[in-house]
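Reviewing the structure listed below.
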Amino acid sequence: MAMQAQTQPAEAAIEISRLNKWYGTFHVLRDIDLNVAKGERIVIAGPSGSGKSTLIRCINRLEEHQAGRIVVDGTELTNDLKNIDKVRSEVGMVFQHFNLFPHLTILENCTLAPIWVRKIPKREAEETAMQFLEKVKIPEQANKYPGQLSGGQQQRVAIARSLCMRPRIMLFDEPTSALDPEMIKEVLDTMIELAEDGMTMLCVTHEMGFAQAVAHRVIFMDQGQIVEQNTPTEFFNNPQSDRTKLFLSQILGH
Amino acid sequence: MSDTHAQTVAFVRDTMLPPEPPPVSESGAVKWLRENLFSGPLNIALTLLGLFILWLLFSTLWPWLSHSVWNANSMAECREIIAAAHGPDASGGCFAVIKHRWNQFVFGFYPVDLYWRPVLAFGALFLALAPVLFADSPLARRIVTGTAAVLTFAIAAVLGAGGLELAAIAVLLLAWILLIEMRGDLALVATLLYPFLAVWLLWGGTLWEPLMALAGFVIGFVIWRALSAYGMFAFAAAVLAAVLWWLLLSDLVARGIAAILPMRLVPVSSDQFGGFVLSITIGVAGIALSLPLGIVLALARRSDLPIIKTMAVLFIEFIRGVPLITLLFVASLLLNYFMPPGTNFDIILRVIIMVTLFASAYMAEVIRGGLAALPKGQYEAADALGLDYWKAQRLVILPQALKISIPGIVSTFIGMFKDTTLVVFVGLFDPLKAMSDTIRASFEWKGAYWEPYIFVGAIFFILCFGMSRYSMYLERRLKRDHR
């Protein structure tokens, strides 16, 4: 069952082997092995403190790992700053708390990195940004500031901001956890649309409906380890480990 | 469940209520008085006590102020006028000293026929600052530049600048305003060039000296850009090249060109500076230099690199730990011991360096507070987008951190500007103590104690209050979140 990851198409977007990380003496990630193929969509689930956010934050080195290898799109993450910046410009990330830049307009949020990292002319960057703002259905907000938008709108801007860098991989770190129920759907719809375009996605989320709808694979983590991984159908209907069964009974119970 | 119960629970709104304006609260002066001054027995008593204290202050000070004399040639004459008008025992202020010695308060011992030069330097300061300070308010900018230009020209004319000088002033100011209005981007270059113009105007000598000092920066910048692929090495090479240029070549080249094309103004030495010209020169230079230095120190103190962090901590803690006067004494006495014999390192320049270092240590801590106030997510979002350290700082972190720090930064500016009066302790003629003492030392103004202090205090208050108001304006303008 766990071998399924290795039977994916050969072209790997992310290769993680024997990844270990400690916060001080706390062993937060233990011997993680994970290969993600190009175009694959993975949902990572697990109780809080299981290391799932830490894992995806290691992929663009917002967190440093102490042992093991992470290769993203052919570039290994080491202390080499050039490699880190290269990986970061290829990997988009969406945060739980959006983290838009409050002093810049929506449009400026979206064009900042393309202009300064990719060196794209301003006009071209603005055209691209407007395309993506249309894709997330808020082009009319382009000249407002983030503080004037609702949470769901801000998160959609955050997704558009990442897409403007034309990333090959998108990481989502609990993108809907800080949102009101009515706004969760608009963000999930955007993510589903993105999935339909064939984007490689790693998504930490508690939205099990989303997992069932778009994920190729669901990974369940506990205590810094991958406990179980499977296709969504198998994962939800036929969980193998006791820990997974307990988790599913708790979040799907009501 | 009974029917009546069901009726009371079930409810469907078929029309939504439109928003209504808030109720107009009862207002007026009487209500305000009753609520704020006379709301209870204790408040009534405190209000009456407050009024009594105000009356005491007013009744003591008013006669002195209302008897004040503005036209006299000496303290004795003042006293005669007051005695004649209000009786022999009446006391009164003798503000005639301000009028009589106005130029000395403002210009110190600056040569009288050259007064137009500091005036032009001060007026041009506003032209240099306006495009930066009022970046998105053309109206405010035009008011400031227009007023500064007209006043500069008028004051220079009143102070007796010659026809040639006046023509030059008019051409310079007009050209600069046109530049600001037509080519905003080039106006910022003019702002960067302003310090060199000001140095030339204030101290005179050949224009080539400040220009060659500027050339050092240009050389450093060109080398840095040319070698930018080599990272830190490029920076070190640029600094080294600039320093070598300043130490070895710039004087030689300046003198060489000056021999062909002098571009000379009458030189004025630093000991002729005094009064507000001195205070404002040191204050403006200190403000302009301490902000960038403070930003660098704050970033260094938050750096992950242990050596840089330690150096920043040591510098900040040491500078903040000693009184400014200590640093000024070091500037005036000790620095000369370390200099090669025969070097003449200008005293005002030394004082500016020390005041800048002192203010930058405070500035660094204020800005560090702003940096610490930013949520970690801002750093992470900038990192995740692939912005490198300097770009993240410049585009994302510093604009927000500096905005948060505006009140603290302006406080530091104000404190530093007032501290410029401490230069009296190294023998410079600050307006508050040294200039007043000098004026009192003359026979006719012996005994004028209150008036110079009140006058100098009032001028400092106006300048500092102006800075404070600007900072409030800036905070309002940069307000972004509507939460």
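Counting heavy atoms of the protein chains alone, residue B:391 has an accessible area of about 40 Å² for a 1.4 Å probe. Within the listed set A:113, A:129, A:213, the Gaussian network model of chain A (springs between alpha-carbon atoms below 10 Å) gives the highest mean-square fluctuation for A:213. Annotation: peptides B:244-256, B:445-457, B:289-301, ranked by per-residue average of other Cβ atoms within 10 Å with the highest first, follow the order B:289-301, B:445-457, B:244-256. Taking label positions 7 Å along the Cα-Cβ direction at both residue B:193 and residue B:170, the computed distance is 2.2 nm, reported to one decimal. For B:16, B:472, B:435, the ranking by accessible surface with the largest value first comes to B:16, B:472, B:435, using a 1.4 Å probe. Taking 0.36 nm per residue of separation and subtracting the Cα-Cα distance, full extension of the segment from residue B:14 to residue B:84 would add 16.5 nm. Rolling a 1.4 Å probe over the protein heavy atoms gives chain B an accessible area of 58 Å² per residue. From the square roots a ≥ b ≥ c of the eigenvalues of the alpha-carbon gyration tensor of the protein assembly as shown, which class results: rounded (a/c under 1.5), prolate (a/b over b/c), or oblate? Since a/c reaches 1.5 and a/b is larger than b/c, the shape of the protein assembly as shown is classed as prolate. Remark: accessible area buried at the B-A interface is about 2100 Å², both chains counted, probe radius 1.4 Å. Find how many whole Å separate the alpha carbon centroid of segment B:164-213 from the alpha carbon centroid of segment A:176-254. Centre-to-centre distance over Cα atoms comes out at 65 Å. Working from Cα pairs under 8 Å separated by at least six residues, relative contact order for segment B:325-483 is 22 percent.
Residue B:263 contributes about 80 Å² of solvent-accessible surface, heavy atoms of the protein only, 1.4 Å probe. When B:273, A:98, B:11, B:221 are compared by accessible area at a 1.4 angstrom probe, the order from most to least is B:11, B:221, A:98, B:273.
Given a Förster distance of 60 Å, report the FRET efficiency between residue A:48 and residue B:453 from their Cβ-Cβ distance, rounded to the nearest 0.05.
0.40
I need the peptides A:226-236, A:190-200 ranked by packing, meaning the mean over residues of other C-beta atoms within 10 angstrom, with the highest value on top.
On the way: A:226-236: 18.9, A:190-200: 16.9.
Descending mean neighbour count gives A:226-236, A:190-200.
7 Å from Cα along Cα→Cβ at both residue B:49 and residue B:329: what's the point-to-point distance in nm? Rounded to a tenth, the inter-label distance reads 4.4 nm. Peptide B:388-399 shows a mean partner chain C-beta count of 3 within 10 Å per residue C-beta. Using R0 = 45 Å, the C-beta based FRET efficiency linking residue B:102 and residue A:131 works out to 0.10. Peptide B:361-368 has a mean shielding of 0, counted as Cβ atoms of other protein chains within 10 Å of each residue's Cβ. Across chain B, the relative contact order, built from alpha-carbon pairs under 8 Å that are at least six residues apart, equals 15 percent.
Here the calculated FRET efficiency for residue A:185 and residue A:236, from their Cβ-Cβ distance with R0 = 25 Å, stands at 0.80, rounded to the nearest 0.05. Spin-label model, residue B:139/residue B:183: points 7 Å from Cα along the beta carbon direction are separated by 2.9 nm. Between residue A:22 and residue A:148, full extension at 0.36 nm per residue minus the direct alpha carbon distance yields a gain of 41.5 nm. Rounded to the nearest 5, what % of the DSSP beta bridges within the protein assembly as shown are antiparallel ones? That works out to approximately 55 percent antiparallel. Report summary: the helix-based calculation at 222 nm, which adds -39500 (n - 2.57) for every DSSP H run with n ≥ 4 and divides by the residues of chain A, gives -11500 deg cm²/dmol.
Does chain B come out rounded, prolate or oblate, given a ≥ b ≥ c as the square roots of the eigenvalues of its C-alpha gyration tensor, rounded meaning a/c under 1.5 and, failing that, prolate meaning a/b above b/c? Judged from the Cα gyration tensor, chain B comes out oblate (a/c at least 1.5, b/c at or above a/b). Packing-based ranking of A:115-122, B:377-384 yields B:377-384, A:115-122, ordered from highest to lowest mean Cβ neighbour count within 10 Å. Of B:423, A:54, B:233, which is farthest along the charge dipole of the protein assembly as shown in the positive direction, counting Lys and Arg as +1 and Asp and Glu as -1 at C-beta? The Cα lying farthest towards the positive end belongs to B:423. Tell me the per residue accessible area of chain A using a 1.4 Å probe; a whole number in Å² is fine. Using a 1.4 Å probe on heavy atoms only, each residue of chain A averages 44 Å². Across chain A, Cα pairs under 8 Å and at least six residues apart give a relative contact order of 26 percent. In terms of accessible area, using a 1.4 Å probe and ignoring ligands and nucleic acids, A:220, B:122, B:58 rank largest first as B:58, B:122, A:220. Lysine pair count for chain A (Cα-Cα distance under 25 Å; residues 8 or more apart in sequence or on different chains): 23. If the segment from residue B:113 to residue B:35 were pulled out straight at 0.36 nm per residue, it would be longer than the present Cα-Cα gap by 22.1 nm. Neighbours of residue A:18, meaning other residues whose beta-carbon lies under 9 angstrom from its beta-carbon, give a summed charge of -1 when Lys and Arg score +1 and Asp and Glu score -1.
Compared with the dominant principal axis of the Cα atoms in chain A, helix A:81-90 is inclined by about 80°. Mean per-residue shielding of peptide A:93-106 is 5, counting Cβ atoms of other chains within 10 Å of each Cβ.
Cα gyration tensor of segment B:24-66, axes a ≥ b ≥ c as square roots of the eigenvalues: rounded (a/c below 1.5), prolate (a/b > b/c) or oblate?
Here segment B:24-66 falls in the oblate category.
Taking θ as phi - 60° and the Karplus parameters 6.51, -1.76 and 1.60, the scalar couplings of segment A:125-141 work out to 4, 5, 4, 4, 4, 5, 4, 6, 5, 5, 4, 8, 6, 9, x, 6, 8 Hz in sequence order, x denoting glycine and proline.
Each helix, a run of at least 4 DSSP H residues, gives -39500 (n - 2.57); summed and divided by the residues of chain B, these come to -22500 deg cm²/dmol at 222 nm.
The values are calculated or read from the model by the stated rules, or taken from the named source; none is laboratory data. Here the structure is a predicted model, which means the values were calculated and not measured. Every residue, glycine as well, gets a Cβ built from its backbone with ideal geometry; the counts of neighbours run over all protein chains shown. Only protein heavy atoms, including side chains, enter the accessible area calculation; ligands, DNA and RNA are left aside. Shrake-Rupley method; radii C 1.70, N 1.55, O 1.52, S 1.80 Å.
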